Amino acid sequence: MANTYSQLYIHIVFAVKGRQNLIATVWKDEIYKFITGIITNKQQKLIAINGMPDHVHILIGIKPDKSISDLVRDIKANSSKFINDQKWINGKFEWQTGFGAFSYSHSQLTNVINYIQNQEEHHKTKTFKEEYVEFLKLFNVEFKNEYLFDDV
C-alpha cells in the first residue's frame, strides 16, 4: 500500500468464555507474549496488553488493510490453542464469542495505556461486565443487556 498513510488506534477487549477466572497470574505473561507474537506476525503494532483472570485488553496500531475481526479471530483462535496445548487448565479453554473494539486518537493514547496497565487497581471496584457496559455506553454502542455475554 505505497503512499497510504494512517494512524488508527484500536482498543480491543474480550473475555474468557463464561467470564471464568482462568488466566492465572503464573502464566499470563506467557499468553501476553504469545498474543504479542500473533499481532506482530500480522504486521500490526502492539502498544499495550494487560487484563484480569477473566478478560484481556489490547491496544494496537492497525493498518487500514487489516480487518479488526480477522485479527481478533486469529488472536483468539491461536491463543486458545496455545493455552490448551500447554494444559494450563483442566478442560478446554475458550474465549467468549465476540469482542469490543473502540477507536482512539493519538492524543488519548497515554490515558488508554495507563488504563490498560492499571487493570488490577481498576477492578478492585468494578466488575468486567460493569467495565464493558461502561465502554459501550461511552462510545454510544447500542446493545441489549439480555444478549450481553450470552455465551455463558
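The values are calculated or read from the model by the stated rules, or taken from the named source; none is laboratory data. Keep in mind that what you see is a predicted model, and the values were worked out from it rather than measured. Because the Cβ atoms are built from the backbone with ideal geometry, glycine has one as well, and the counts that use them run over all protein chains shown. Just the protein is used for accessible areas: all its heavy atoms, side chains included, with ligands, DNA and RNA removed. Shrake-Rupley method; radii C 1.70, N 1.55, O 1.52, S 1.80 Å.
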Residue that is farthest from Ile62 (Cα to Cα) [pool: residues in region 127-152 that are open to solvent by 100 Å² or more (accessible area, probe 1.4 Å) and of a type in the set (Lys, Arg)]: Lys144
Any residue in region 17-42 that's closer than 12 Å to Ile83 by Cβ: show its pairings with residues that are part of a helix (DSSP H, G or I) and not hydrophobic (A, V, I, L, M, F, W, C) at Cβ separation under 8 Å, as long as the two are six or more apart or on different chains. Trp27/Gln86; Glu30/Gln86; Ile31/Ser79; Phe34/Asn78; Phe34/Ser79; Ile35/Ser79
Subset of region 105-142 (residues that are under 15 Å from the mean Cα position of the chain (by Cα) and outside any helix (DSSP H, G or I)): Asn118
Of the conditions (1) of a type in the set (A, V, I, L, M); (2) touching a Gly at 6+ places or on another chain (Cβ under 7 Å); (3) surrounded by fewer than 18 Cβ atoms within 10 Å (Cβ to Cβ), Val13 fails just one. Which one is it? (3)
Take Gln96 and decide whether it is open to solvent by 100 Å² or more (accessible area, probe 1.4 Å), touching a residue at least 40 places away in the same chain (Cβ under 8 Å) and among the polar types (S, T, N, Q). no
Note on region 15-40: residues within 28 Å of Ser67 (Cβ to Cβ) and of a type in the set (Val, Ile, Thr) are Val16, Ile23, Ile31, Ile35, Thr36, Ile38, Ile39, Thr40
Taking the condition among the basic types (Lys, Arg) and open to solvent by less than 30 Å² (accessible area, probe 1.4 Å), does Lys124 pass? no
May I ask you to list the residues in region 45-94 that are small (Gly, Ala, Ser) and in contact with a His (Cβ under 9 Å, 6 or more places away or on another chain)? Ala48, Gly51
